[in-house]
Amino acid sequence: MYNKIAIIGGGNLGTAIAEGLLKSEFSKPADITITRRNLAELEVLKNKGVNITSDNIEAVKNSDVVILAVKPFQIKDVLDGFKAELDPQKHILVSVITGIFIEDMQNAVQKNVPLFRAMPNTAIAIQESMTCISHKGANNTQVDFIKNLFEKLGKVAMIDEKLMDAATVLGACGTAFAMRYIRANIQGGIEIGFSAATASLIAAQTVKGAADLLLLKGAHPEQEIDKVTTPKGCTIAGLNEMEHQGFSSSLIRGIVTSYNKILNS
Ligand SMILES: NC(=O)C1=CN([C@@H]2O[C@H](COP(=O)(O)OP(=O)(O)OC[C@H]3O[C@@H](n4cnc5c(N)ncnc54)[C@H](OP(=O)(O)O)[C@@H]3O)[C@@H](O)[C@H]2O)C=CC1
Ligand SMILES: O=C(O)[C@@H]1CCC=N1
């Protein structure tokens with residue numbers, strides 16, 4: 001019903017969404033159109049059968065779902081460019097853009113198109129995104145469709161739009177925060193004897209296993225920490241030293257700083 005998907009803005013996130021749609025087989029390659037001005041960067045997707053173009057109007061005309069994935073400062077010009085083509089009876093508009101409210105989009109398009117804000121992360125390319133979604137003006141069928149689309153690409157939380165900036169920090173910036181944590185583990189691992197390749201494998205799989213203990217068993221982090229920290233052992237010694245150095249505090253402060261950056265942008 002909403003088979004044809006246009007992704008306007010084929011950058012880091014836009015291409016990751018396209019990759020996820022292909023990998024999950026939610027979409028056939030020919031049903032996806034992805035746009036950007038520098039088309040050379042989209043060759044990989046083109047070679048997989050995805051339509052690529054710099055013409056946003058053409059992409060919107062040939063689609064049912066329009067996913068907006070340009071930078072925040074580009075949204076007004078981009079929407080102005082194709083809003084005349086939006087048909088409220090046909091299109092669903094989904095923005096993954098940071099800090100742009102549904103009301104901003106409504107004012108920009110000036111039509112009763114069903115509007116969604118989705119906040120995925122780059123793991124959407126491998127169907128492991130955490131995607132937070134809010135919406136306005138959509139009927140149940142449309143909400144179910146968009147929820148199902150993102151559920152094929154990872155996990156979904158339906159949230160109030162007022163939490164979307166918080167979702168951006170925890171879920172989307174969170175990928176970078178987690179990567180830096182893993183990277184630091186690798187650096188430590190090399191210092192205590194592993195090759196970079198082995199340290200990378202151990203660090204990434206250990207973090208994945210820890211996350212799965214929470215996701216699959218519904219455990220609390222502190223319960224799981226208690227199971228690892230042998231009295232007088234090496235885990236608690238390392239953990240306490242990390243806390244003395246401000247580990248949790250630095251993460252919390254980083255999260256709040258990211259959040260304030262969005263609020264003040
Ligand atoms: N990266 C991430 O992890 C996440 C990003 N976001 C949000 O997603 C959005 C995109 O982020 P990201 O992918 O990182 O940014 P990028 O800069 O990588 O992607 C934006 C893309 O938009 C393209 N673009 C610019 N102008 C136009 C235009 N007029 N028509 C079509 N395409 C255009 C650019 O390509 P060209 O210059 O060739 O046109 C570029 O590839 C941002 O709003 C960001 O806040 C949200 C969650 C996670
Ligand atoms: O850093 C940014 O502004 C964007 C939003 C979430 C991830 N990247």
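For the reader, a short list of remarks on this structure follows.
- Test set (1) more than 7 Å from ligand 1 (Cβ to nearest atom); (2) not in a loop (DSSP other than H, G, I, E, B) - GLU25 fails condition number: (2)
The rows are residues; the columns are (1) open to solvent by 70 Å² or more (accessible area, probe 1.4 Å); (2) under 26 Å from SER27 (Cα atoms); (3) touching a residue at least 60 places away in the same chain (Cβ under 8 Å); (4) within 16 Å of ligand 1 (Cβ to nearest atom).
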site: LYS152; (1), (2), (3), (4): yes, yes, yes, no
site: GLY174; (1), (2), (3), (4): no, no, no, yes
site: PHE194; (1), (2), (3), (4): yes, no, no, no
site: LYS217; (1), (2), (3), (4): yes, no, no, no
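- Every residue from segment 34-51 that is open to solvent by less than 20 Å² (accessible area, probe 1.4 Å) and within 13 Å of ligand 1 (Cβ to nearest atom): ILE34, THR35, LEU42, LEU45
- Scanning segment 52-66 for residues that are within 10 Å of ligand 1 (Cβ to nearest atom) and either in a loop (DSSP other than H, G, I, E, B) or crowded, with 24+ Cβ neighbours inside 10 Å (or both) turns up SER54, ASP55, ALA59.
- Verdict on GLY137 being within 16 Å of ligand 1 (Cβ to nearest atom), within 27 Å of the chain's Cα centre (by Cα) and surrounded by 11 or more Cβ atoms within 10 Å (Cβ to Cβ): no
The values are calculated or read from the model by the stated rules, or taken from the named source; none is laboratory data. None of these values were measured; they are calculated from a predicted model. Cβ atoms come from the backbone with ideal geometry, glycine included; neighbour counts cover every protein chain shown. Remember, those area values only see protein heavy atoms, side chains included, never the ligands or the DNA or RNA. Shrake-Rupley method; radii C 1.70, N 1.55, O 1.52, S 1.80 Å.
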